[in-house]
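A quick write-up on the structure given underneath.
The values are calculated or read from the model by the stated rules, or taken from the named source; none is laboratory data. What you see is a predicted model, and the numbers here were worked out from it, not measured in a lab. Note that each Cβ is placed from the backbone with ideal geometry, even for glycine, and that neighbours are counted across all protein chains shown. We work out accessible area using only protein heavy atoms, side chains counted, and drop any ligands, DNA or RNA first. Shrake-Rupley method; radii C 1.70, N 1.55, O 1.52, S 1.80 Å.
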Amino acid sequence: MSKWVRAHTNIALIKYWGKENEEFIIPKNNSLSLTLDAFYTDSKVTFDSSLKEDQLILDGEKQDSIALKKVSTILDIVRDKADFTDFALVESINYVPTAAGLASSASGLAALAGAASAAAGLNLSSKELSRLARRGSGSASRSIYGGFVEWEKGTNDETSFAHPIDNADWDIGMLFIIVKQAKKDVSSRDGMQRTVATSPFYDGWLATLDQDLTDIKISIAEQSINKVGAIAERNALKMHATTLGAQPPFTYWTADSMLAMEAVRTLRKEGYSVYFTMDAGPNVKVICKQSEMSKIKKALMSYFDEEQIISAKPGPGIQVLEN
Ligand code: 2P0
């Protein structure tokens, strides 16, 4: 039955960066994220035998075949499992602040995995949903669950999926600093591929991951914002260092990203528990205590406009909405 399904975005504290298998999206390393409440996607899928092709309507606008590619990958798997061939109408609404540049494949493809399997009458477990979402976009495998989530890299389609590790019901939150940006010129998919293939720093990145993962899981269990933040920050810097060694080299940082990182370091010296992480784009995410978020936001406003700073708290896993 067609139902609206909601999935929230997640931000990795231990990053996914590189694939072992491109077709099945098996990653090179385990990653660990926090699902957030502020940004999410609602999706509904309707299979219809009268359609001649899959259609994606995102925020009311029909999307081209390029945008449909990841969507059809998931729809094809669902059709295969349910043993029918009807094309689908996919309606999606992204709840992301206008112009934030945070359009997220994680929430979008997780919501789609839930909506498509519901519409096909497949009764999938969360683990199966995570595997399905992964086929659209790796990070989507983590958005099936709320709180802190680890994506086990596994070795094949059956063994690569996410699982929840902590509901994040403690004093942690994130502030998003939305820096001014031009169009992204290296997608995360192309960026990680180029880095794995050409960067001499990539092996160094992989070599310290197990330690970062072990350390952050202990720190999450201790509910230590300072330890979790410091590990996430060092992990993000290592990931971004690999791109500088790629051929041709690239970076997602802009001057404003560096200003944001410097602002976070300054606030830390002033005594706040603040750390940063960054993904495949110039925005900076600030890991901090929820209880200090409004004070930190005010302090950041001496560097950025108020509209550029968005607060987020830990968010829930995938939800089927009552239509
Ligand atoms: C992450 N990123 O762990 C990392 C950190 C970007 C930097 O997951 O190729 O859109 O569709 O599997 O999931 C972004 O990559 O890539 C991402 P595909 P995806 O959040």
So which residues in region 1-20 are away from the ligand (no atom under 11 Å from the Cβ) and outside any loop (DSSP other than H, G, I, E, B), if there are any at all? VAL5, ARG6, ALA7, HIS8, GLU20
Identify, please: which residue in region 103-120 is within 11 Å of the ligand (Cβ to nearest atom) and assigned to a loop (DSSP other than H, G, I, E, B) and is, among those, least open to solvent (accessible area, probe 1.4 Å)? SER104
Yes or no: region 121-131 includes at least one residue that is in contact with a helix residue (DSSP H, G or I) (Cβ under 9 Å, 6 or more places away or on another chain), crowded, with 16+ Cβ neighbours inside 10 Å and outside any helix (DSSP H, G or I). yes
Region 274-292, residues that are out of contact with any strand residue (DSSP E or B) (no Cβ under 7 Å at 6 or more places or on another chain) and not in a loop (DSSP other than H, G, I, E, B): SER291, GLU292
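Can you name every residue in region 300-323 that is under 16 Å from PHE176 (Cβ atoms) and either basic (Lys, Arg) or crowded, with 17+ Cβ neighbours inside 10 Å (or both)?
First, pick out the residues of region 300-323 that are under 16 Å from PHE176 (Cβ atoms): 300-301, 303-315.
Residues satisfying the conditions are LEU300, TYR303, PHE304, GLN308, ILE309, ILE310, SER311, ALA312, LYS313, PRO314, GLY315.
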Testing ALA246 on (1) away from the ligand (no atom under 16 Å from the Cβ); (2) crowded, with 22+ Cβ neighbours inside 10 Å, one condition comes back false. Which one is that? (1)
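Sort out which residues of region 199-225 are surrounded by 14 or more Cβ atoms within 10 Å (Cβ to Cβ) and part of a helix (DSSP H, G or I), and write them in order of number. Quick ask: steps written out before the conclusion?
Filtering region 199-225 down to residues surrounded by 14 or more Cβ atoms within 10 Å (Cβ to Cβ) leaves 199, 201-202, 205-206, 209, 212-213, 215-217, 219-220, 223-225.
Matches in region 199-225: TYR202, TRP205, LEU206, LEU209, ASP212, LEU213, ASP215, ILE216, LYS217, SER219, ILE220, ILE225.
Matching residues to (1) within 13 Å of the ligand (Cβ to nearest atom); (2) in a strand (DSSP E or B); (3) surrounded by fewer than 23 Cβ atoms within 10 Å (Cβ to Cβ); (4) within 21 Å of the chain's Cα centre (by Cα):
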residue	(1), (2), (3), (4)
LEU68	no, no, yes, yes
SER72	no, no, yes, yes
ARG79	no, no, yes, no
THR85	no, no, yes, no
ALA88	no, yes, no, no
GLU91	no, yes, yes, yes
